[in-house]
Every structure is written in structure tokens, then in C-alpha cells.
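This report concerns only the one structure given below.
The values are calculated or read from the model by the stated rules, or taken from the named source; none is laboratory data. This one's a predicted model, so the numbers in the text were calculated from it and none came from an experiment. Cβ atoms come from the backbone with ideal geometry, glycine included; neighbour counts cover every protein chain shown. The accessibility values were calculated without ligands, DNA or RNA, using every heavy atom of the protein model including side chains. Shrake-Rupley method; radii C 1.70, N 1.55, O 1.52, S 1.80 Å.
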Amino acid sequence: MTGRILTNIVAAAGIVGLALTYGASAQAQEFGSPELIAAAKAEGKLVFYTANFAEVEQQVIKAFNKRFPEIKVEMVRAPGGQLITRVKTEAAAGKLIADVVDHSDRALMQPMADMFQDYAPPNAADYNPDAQIAPQLWPRATLVWSIAYNTELVKNPPKTWMDLTKPEYNKLTGQVIAPSGGTTWTRVMFERQVLGEDYWAKQAATRPVLYPSGAPMSDSLVRGEIAMGPLLYNAIYPKQKDGAPIQIFFPPEGAPVNPYATGIPKTAAHPNAAKLFLNWCLSKEGQTFMIKELGNLTSLKVPPAFPEGFDPKVVKVWFPKFDDYVKLHTAWVAEWNKTYGYAQ
């Protein structure tokens with residue numbers, strides 16, 4: 001009897017051991033090797049430069065720390081143009097402190113690719129190569145445009161992109177300015193290439209309120225200073241979740257999508273922590289969190305989920321052609337500025 005008990009205990013211990021080994025192995029496969037994870041924990045921190053919304057990235061950092069509480073993430077958030085200038089200035093002076101640089105404008109990041117380390121996440125093969133502009137730079141975040149409106153102000157809400165040109169919405173809409181960054185440039189391209197060359201003029205005729213970025217426009221929408229307008233889903237979705245009187249939808253003409261470009265500078269002081277952070281963000285776990293909690297899409301070939309209200313059978317995802325993204329920018333943004341009466 002004693003022998004049987006001992007045998008059972010040994011067998012059970014073996015099963016537990018295998019389970020623990022498998023768990024560690026699975027984590028290593030998803031987030032990095034045990035050696036990388038140990039080295040990252042030893043470094044204990046990383047500095048994260050991003051052009052994304054601070055409110056959104058704070059949630060990402062919090063989720064990462066649930067998995068890896070030993071690593072402190074110090075975030076530096078700046079608008080796209082300012083962030084690129086800061087990175088270039090610090091790098092030229094030999095004082096770049098960023099361990100991860102995360103930017104919305106791939107055209108600005110591509111010429112800087114040689115500043116970044118060779119890097120690929122464990123699940124690199126699962127990513128759509130069209131979303132990547134250099135081997136060192138990865139689509140950590142993939143943002144999607146939507147239309148939002150204040151339900152307390154709008155009784156006849158828009159249902160399409162073209163509805164935003166209706167004269168009845170005169171002075172009720174908001175627009176993020178075309179020069180604000182890569183995500184807005186993607187929307188501007190979509191408007192002209194998909195909705196028609198005259199879309200800007202028709203929409204500008206409704207005299208929309210212009211905003212420097214999505215954050216202040218989202219706040220204005222919640223406060224009722226504007227009634228509706230196109231917004232990145234991850235800029236307005238958290239406010240809807242918090243109870244703001246906001247309705248959001250993805251118009252049938254298409255949903256413009258902008259993958260970010262994110263990399264680890266060669267000068268990173270905490271390269272292992274940086275790799276672990278990016279590995280987690282690009283993992284299925286990290287992407288699922290960003291989709292379900294923040295309203296992002298993903299550049300994974302097989303999406304693990306979709307944002308609330310996004311039906312891939314109904315809504316067409318629109319990725320800009322990267323050559324157009326680079327070549328058309330200067331002339332089209334200048335034309336948009338003139339059409340909307342915006343002076344930089």
C-alpha cells in the first residue's frame with residue numbers, strides 16, 4: 001500500500017513537473033527565452049517613447065506589468081513631429097535615452113531604420129509583411145478610424161463617411177488636421193482615394209472645427225462642443241466605456257487602418273527589457289488586449305479578435321499603399337490645408 005502511495009505521489013509530482021515545464025516553455029515560446037526574461041528582469045526598467053495617446057499606453061503598460069511586474073516602463077509621450085525631432089536631436093548628441101521608439105508615421109521612421117537593432121518577436125512569421133516597412137521596425141499597434149457622435153446632440157446620426165458632408169451638419173463636425181501625424185494622413189488618403197477627389201471640399205463646406213490631434217477632439221465631443229466626426233477608435237472608445245454619451249460605428253465605405261513602426265535603438269541601455277516589452281506587445285496576448293480593451297485592430301495574419309462593433313464581413317479594412325503614403329504626402333497635405341482653411 002505504501003509503495004502504491006509513493007508511486008502515485010511520484011507520478012503526480014511528475015505530472016506537475018511536466019505542467020510547470022510546459023508552462024515555462026510556452027511562456028518562453030511566446031515572450032522570449034528564459035535567459036531573455038531573466039536578463040530583462042535584471043535590468044528592471046525601460047524607457048518607452050511613443051506618439052500614441054498617453055491614456056491608451058498607460059493601459060498597455062499596466063497589462064504588461066500584470067505579466068512582468070518586475071519591469072518598470074517609463075513613458076515619454078509626444079506628438080508625432082515632436083517625437084521624431086526629439087529622437088533625431090538626442091541621437092545626434094549621443095544622448096538618446098529611449099529603449100523603444102513607437103511611432104505612427106512609418107514614412108518618418110523608415111529613413112531612420114539603421115538607428116535600430118535587428119529584432120524580431122518570437123511570432124514574427126504570424127505578421128502580415130505588408131504592415132512592416134523595415135526588418136527592424138514592427139507594427140506593435142494597428143489603429144483604425146471610425147465615426148463617433150454625441151447621442152445627446154444628434155437625433156439624426158450619420159451612417160456613412162459621405163453623411164459627414166451633409167449641409168444639416170453645418171458647424172457640428174470636428175476634424176483632426178491632416179498634418180497631425182501618420183494616422184491622420186492615412187485617413188486623409190482614404191478620403192481622397194476612396195470617397196472621391198471632391199470629398200474634402202464637400203466636407204470642408206460644413207465648416208468643421210479643426211483639432212491638432214484626436215485627444216482634444218474626443219474631449220470636445222464628450223463635452224458637446226462638437227456633435228460628431230471621424231476619430232481613431234482607440235481615442236474615443238475608452239470614453240464610451242467610461243459612460244460618455246457616445247456612439248461609435250465603422251462606416252460601410254471602409255475603415256482606414258494605420259500600422260505603427262516600433263523598434264529598439266542600437267543605443268538602448270535596457271535592450272533585454274525592451275525586447276521583452278515588444279515581444280509581449282506583439283504576442284497574441286498583447287494584441288488581444290489591445291483589440292478588446294483599447295479598440296485597436298492587429299497586423300497579425302489571423303486576428304485573435306475584433307473591436308466591439310467591428311464586423312469584418314461588413315467593414316472593409318483599408319491599408320494605404322506605402323509608396324503613395326510617402327510620395328503623396330507633401331502635396332496632398334498642402335492641398336488639404338488650403339481646402340479646410342488651415343494655416344500651419
- Item | Hits in segment 292-323 (condition: in a helix (DSSP H, G or I), open to solvent by 20 Å² or more (accessible area, probe 1.4 Å) and within 21 Å of P238 (Cβ to Cβ)) | K292, E293
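Only one residue in E43, E55 is open to solvent by 30 Å² or more (accessible area, probe 1.4 Å), in the same structural domain as M112 (by TED's automatic domain parsing), under 24 Å from N234 (Cα atoms) and modelled with pLDDT of 85 or more. Which one?
E55
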- Query: Which residue pairs have Cβ atoms under 7 Å apart, sit 6 or more places apart or on different chains, and have a first residue in segment 58-75 that is closer than 14 Å to N279 by Cβ and a second that is assigned to a loop (DSSP other than H, G, I, E, B)?
  - Reply: I71/G44
- Among (1) more than 28 Å from P230 (Cα to Cα); (2) without any contact (Cβ under 8 Å) to a residue 60 or more places away in the chain; (3) in contact with a strand residue (DSSP E or B) (Cβ under 7 Å, 6 or more places away or on another chain), where does L96 come up short? (2)
- Message: Which residue is surrounded by the most Cβ atoms within 10 Å (Cβ to Cβ), if the candidates are limited to segment 201-216 and must be part of a loop (DSSP other than H, G, I, E, B) and touching a strand residue (DSSP E or B) at 6+ places or on another chain (Cβ under 8 Å)?
- Response: P208
- Does A125 meet the test of being out of contact with any strand residue (DSSP E or B) (no Cβ under 7 Å at 6 or more places or on another chain), at pLDDT below 95 and either farther than 23 Å from S299 by Cβ or outside the structural domain of F319 (by TED's automatic domain parsing) (or both)? no
- State which residue pairs qualify: first residue at positive phi and touching a residue at least 40 places away in the same chain (Cβ under 8 Å) and inside segment 157-176, second residue assigned to a helix (DSSP H, G or I) and surrounded by 16 or more Cβ atoms within 10 Å (Cβ to Cβ) in any location, beta carbons under 9 Å apart, and separation of 6 or more residues or different chains. none
- Task: Just need a number here: residues in segment 129-162 that are in a loop (DSSP other than H, G, I, E, B), under 29 Å from D198 (Cβ atoms) and touching a Gly at 6+ places or on another chain (Cβ under 7 Å).
- Result: 1
- Message: Against the definition (at pLDDT 95 or above, under 23 Å from H329 (Cα atoms) and either in a loop (DSSP other than H, G, I, E, B) or in contact with a strand residue (DSSP E or B) (Cβ under 9 Å, 6 or more places away or on another chain) (or both)), how does V87 come out, yes or no?
- Response: yes
- Answer yes if at least one residue in segment 155-169 is surrounded by 17 or more Cβ atoms within 10 Å (Cβ to Cβ), over 18 Å from I248 (Cβ atoms), at pLDDT 95 or above and of a type in the set (S, T, Y), and no otherwise. yes
- Message: Out of the residues in segment 217-242 meeting the condition of being more than 10 Å from N150 (Cα to Cα) and part of a strand (DSSP E or B), tell me which one is farthest from the chain's Cα centre (by Cα).
- Response: P230
- What are the residues in segment 95-108 that are at pLDDT below 95 and either in a helix (DSSP H, G or I) or over 21 Å from the mean Cα position of the chain (by Cα) (or both), if any? R106, A107, L108
- Would you mind telling me which numbered condition in (1) at pLDDT 95 or above; (2) open to solvent by 10 Å² or more (accessible area, probe 1.4 Å); (3) on the phi > 0 side of the Ramachandran plot G229 fails? (2)
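Mind checking which residues of segment 252-291 are outside any helix (DSSP H, G or I) and without any contact (Cβ under 8 Å) to a residue 24 or more places away in the chain?
Let us first name the residues in segment 252-291 that are outside any helix (DSSP H, G or I), namely 252-270, 283.
Residues satisfying the conditions do not exist here.
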- Tell me, yes or no, whether segment 146-155 has at least one residue that is within 30 Å of I37 (Cβ to Cβ), touching a strand residue (DSSP E or B) at 6+ places or on another chain (Cβ under 9 Å) and small (G, A, S). no
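The rows are residues; the columns are (1) buried (at least 23 other Cβ atoms within 10 Å of the Cβ); (2) on the phi > 0 side of the Ramachandran plot; (3) touching a strand residue (DSSP E or B) at 6+ places or on another chain (Cβ under 7 Å).
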{"site": "G243", "(1), (2), (3)": "no, yes, no"}
{"site": "I246", "(1), (2), (3)": "no, no, yes"}
{"site": "L276", "(1), (2), (3)": "yes, no, no"}
{"site": "K284", "(1), (2), (3)": "no, no, no"}
- So which of V302, V317 is assigned by TED's automatic domain parsing to the domain that holds G229 and β-branched (V, I, T)? V317
